[in-house]
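Have a look at the structure below before the remarks.
None of the figures in this text is laboratory data; all of them are computed from the coordinates on show. Computed from a predicted structure; not experimentally measured. Here the Cβ positions follow ideal geometry from the backbone for every residue, glycine too, while neighbour counts run over all protein chains shown.
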Ligand code: COA
């Protein structure tokens, strides 16, 4: 397990916290592995009936670690992007997945929310997916599930144009369920997760499965996007954007 992923089990909920505050919770290979493995553990654990994902105050996640993008683009990382297993897990997750989001939710920090069953955001949130500006393309199955959640026009401005969205806009377009203050966030998110976990188990599972529907089409789209994403990572546009970020301030 990555040192930046912490888990706690209480009230039938496995809480998974992304905890790399100095880098605004940018997700490294190790963190993706830690997240995927924590979700697997939760699925196998009979004492766990719901999963809660949290970040740190001010940063849910700044997205994929950009230095890791460089490693993938320059062939230093030969295996498929580590995000793959994590994304597969959250698309197909068998137990209710709840997120509590404060502050920055960039890139996969936004797209992972499309696979959660319930999202609580603080009023200080900023959702943004600057994939195209980085010379990249959208990921996590978001090109399919994003328009389903928010409609084409909103999905175009978020996923293609990279326009930022605040918490109220995210609430209006259906990306989040509820907006609270930052100080209320974690308690509210835990209350939803524990309340979900306390429901009659079989009825919860059957009803969630019906409402969530078969997600194999989203899984297939995520795999296709991943191929395109890996190709884009090797492009000159992506290299220039990655270099610019890594050399900022120099
Ligand atoms: N990958 C790697 N490091 C990241 C990161 C990322 N995605 N996002 C932030 N960081 C690092 C910064 O490099 C900085 O490190 P340093 O202190 O060693 O210089 C630290 O986190 C704090 O970030 P900083 O940029 O100083 O904070 P900010 O509040 O001014 O801005 C962001 C925050 C998220 C707006 C800005 O860091 C950013 O644009 N990050 C990239 C987001 C992104 O494009 N993600 C990929 C999406 S596909």
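Brief remarks follow.
- Residue list for segment 1-39, given a label point 7 angstrom along the Cα-to-Cβ vector of residue 45 and an amide N cut-off under 15 Å: 1-2, 5-18, 34-39
- The distance from the alpha carbon centre of segment 91-133 to that of segment 171-238 is 7 Å, rounded to a whole number.
- Acute angle (nearest 10 degrees) that the helix 236-246 long axis makes with the longest principal axis of the chain, alpha-carbon atoms: 70 degrees
- Mean separation of Cα contacts under 8 Å, 6 or more apart, over the residue count of segment 1-136: relative contact order %: 24 percent
- Computed from the alpha carbon positions, the gyration tensor of segment 5-185 leads to an equivalent ellipsoid with semi-axes of 22, 21, 15 Å, biggest first.
- Computed label-point distance, nm, for sites residue 23 and residue 239 using a 7 Å Cα→Cβ extension: 2.3 nm
- Rounded to the nearest 10 degrees, the angle from helix 182-197 to the longest Cα principal axis of the chain is 60 degrees.
- Taking a point 7 Å out from the Cα of residue 94 in the direction of its Cβ, the residues of segment 37-58 whose backbone N falls within less than 12 Å of it are 40-46.
- By the count of other C-beta atoms within 10 Å, a proxy for reagent exposure, 139, 187, 6 are ordered fewest to most as 187, 6, 139.
- Counting only DSSP beta bridges with both residues in segment 5-185, the antiparallel share comes to about 30 percent.
- Computed over the chain, the per-residue total of -39500 (n - 2.57) for DSSP H runs of n ≥ 4 gives a 222 nm mean residue ellipticity of -13500 deg cm²/dmol, rounded to 500.
- When the alpha carbon gyration tensor of segment 137-250 is reduced to an equivalent ellipsoid, the three semi-axes, largest first, read 32, 21, 15 Å.
- Estimated FRET transfer efficiency (residue 219, residue 132; beta-carbon r; R0 25 Å; 0.05): 0.60
- Note on segment 1-99: Rg/Rh from Cα positions, Kirkwood definition for Rh, rounded to two decimals, is 0.99.
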